[in-house]
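Engineer: One structure is given below, represented as structure tokens, and several questions about it will come after.
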Amino acid sequence: MPDPMIIMIIVMLVAFWLMSRFARKQQARMIAEQERRTEEALVPGTWVRTRAGFYGTVVEVDGDVVTLATPLGDESLWAKNTIVGAEEPPFASTQDEEDDGADGADGADSDQDPDPAGDKA
């Protein structure tokens, strides 16, 4: 009869192997899901983020090359595998700034005193 210590070691090694196999399969599923979501996000007009931290809108996808545009309209070429996924930028886009500027352009705020010093002439 084999030593009980050897049987315990064999059982533990099999258990570790099974857990490792499950983790690898789960990781492969997660990577495949992220790649699928990234592929779906690569349509013109979508905001994306690259591994380098660059935010841009997709202009064109040509094979493994993606053309991204900055908020100012400058375009740059990126490898498709550098795109992390669809993500809105953490800053206001130029369109948002134009909208904000148009709302407050009249300058007539009824809540604010036009003479903050309180001097009446």
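Engineer: I'd like the residue in the stretch 73-91 that is in a loop (DSSP other than H, G, I, E, B), of a type outside the set (Phe, Trp, Tyr) and within 15 Å of the chain's Cα centre (by Cα) and, out of all such residues, is surrounded by the fewest Cβ atoms within 10 Å (Cβ to Cβ).
Structural biologist: Filtering the stretch 73-91 for residues that are in a loop (DSSP other than H, G, I, E, B), of a type outside the set (Phe, Trp, Tyr) and within 15 Å of the chain's Cα centre (by Cα), the one surrounded by the fewest Cβ atoms within 10 Å (Cβ to Cβ) comes out as PRO90.
Engineer: Within the stretch 35-54, identify whether any single residue is of a type in the set (D, E, K, R), modelled with pLDDT of 90 or more and surrounded by 10 or more Cβ atoms within 10 Å (Cβ to Cβ), and answer yes or no.
Structural biologist: Yes: the stretch 35-54 contains one or more residues that are of a type in the set (D, E, K, R), modelled with pLDDT of 90 or more and surrounded by 10 or more Cβ atoms within 10 Å (Cβ to Cβ).
Engineer: For THR70, only one of the following conditions fails: (1) closer than 26 Å to PRO90 by Cβ; (2) among the polar types (S, T, N, Q); (3) loosely packed, with under 11 Cβ neighbours inside 10 Å. What is its number?
Structural biologist: Among (1) closer than 26 Å to PRO90 by Cβ; (2) among the polar types (S, T, N, Q); (3) loosely packed, with under 11 Cβ neighbours inside 10 Å, the lone unmet condition for THR70 is (3).
Engineer: Report yes if GLU33 is of a type in the set (Asp, Glu) and either in contact (Cβ under 8 Å) with a residue 60 or more places away in the chain or assigned to a helix (DSSP H, G or I) (or both), otherwise no.
Structural biologist: yes
The values are calculated or read from the model by the stated rules, or taken from the named source; none is laboratory data. Please read these numbers as outputs of a predicted model, since none were measured by experiment. Reconstructed Cβ throughout: ideal geometry from the backbone, glycine too, with neighbour counts over all protein chains shown.
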